[in-house]
1. So residue 235 ticks every box in (1) farther than 16 Å from residue 272 by Cβ; (2) modelled with pLDDT under 95 but one. Which box is left unticked?
2. Please pick out the residue among 225, 237, 231, 163 that is outside any helix (DSSP H, G or I) and surrounded by fewer than 23 Cβ atoms within 10 Å (Cβ to Cβ).
3. Taking the criterion of being surrounded by 21 or more Cβ atoms within 10 Å (Cβ to Cβ), part of a loop (DSSP other than H, G, I, E, B) and out of contact with any strand residue (DSSP E or B) (no Cβ under 6 Å at 6 or more places or on another chain), would at least one residue in the range 102-114 satisfy it?
4. If you go through the range 71-99 one residue at a time, how many are outside any loop (DSSP other than H, G, I, E, B) and under 20 Å from the mean Cα position of the chain (by Cα)?
5. Take the range 313-322 and flag every residue that is in a loop (DSSP other than H, G, I, E, B), more than 18 Å from residue 226 (Cβ to Cβ) and either under 17 Å from the mean Cα position of the chain (by Cα) or at pLDDT below 95 (or both).
6. Counting only residues that are exposed (fewer than 14 other Cβ atoms within 10 Å of the Cβ) and within 18 Å of residue 224 (Cα to Cα), how many does the range 287-301 have?
7. Here is a list: 154, 188. Which entry is without any contact (Cβ under 8 Å) to a residue 12 or more places away in the chain and either farther than 28 Å from residue 252 by Cβ or outside any helix (DSSP H, G or I) (or both)?
8. Since residue 129 meets every condition but one in (1) within 26 Å of residue 268 (Cα to Cα); (2) surrounded by fewer than 18 Cβ atoms within 10 Å (Cβ to Cβ); (3) at pLDDT below 95, which condition does it not meet?
């Protein structure tokens, strides 16, 4: 490993530990009905309670269990019955060693926008920097991320079979939800027994933002909302526009986080600069001059060092709150997810009306 590679690996370790600890902080609830729903939402009179589902419940062949805090090996699922339904599914991928329970404030806001929402538990303990720093193979990181997606063996750095892949985990969860809650029709996000990516908005934090961005290059998705990522690969060879147009990529990061230079290099490679310079959401308001890049400088909860800045953009214990408990980044999150910012070049983003009953499908521009 090169000296640079070693430095990057050393830098990753404390961040990984903080993401793991921050995501699983004792201040987070571990069961439905706990205080976070009532304490930290904009409308405490209508608390949202997620469904918490073990991946093995959806498919007995799923056998990967995280080594870091395995007791939180769960998918988190939201659907707000009081919100006007939007015919899109938000799939959120937590960061390195993180769990979907990390980011319930963010995902609750997605549900309040009317989206179907899934925080997906996936094999996220593979350190991409260690095998790929200094590697002569330009596809090293891409092969790892692609194997995480479909479970086809491409890299010696990990061993993920199809059962444990993102593709299968999401498919089996959607089938499980459709079976247990048939009136909600979760199967509308499947096509030919696989995720219908055209109806899926991908989001993620840090390592998960990188995975979401990568999936957008190989699958045509509805939108990609990257939070404090793509990371950790700097100027990743895979970071270029592929199946999903640049107009459907949006990013939020902190100006003082560890990975700022990495993130800015990757979003530049994804061509987001052409939509405008980064805007500080706390100093502006939607639609933020139409930019696709938001760069906050809000003080995190729990300190102001580089690590907490990185976590503050999505992870609950570090996200800054107003005195009434409203996340200060709420409008920024909503903008990333599609409220108040019209998608450009989205003529092909129409809803598949055949999957929706009359009156369900809403096709306003910028709300899908």
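The values are calculated or read from the model by the stated rules, or taken from the named source; none is laboratory data. Since we're looking at a predicted model, the values are computed, not measured. Every residue, glycine among them, receives a Cβ derived from its backbone with ideal geometry; neighbour counts consider all protein chains shown.
1. Unmet for residue 235, out of (1) farther than 16 Å from residue 272 by Cβ; (2) modelled with pLDDT under 95: (1).
2. 237
3. No, the range 102-114 has no match at all.
4. Total satisfying the criteria: 10.
5. Within the range 313-322, none qualify.
6. 1
7. It is 154.
8. Condition not satisfied by residue 129: (2).
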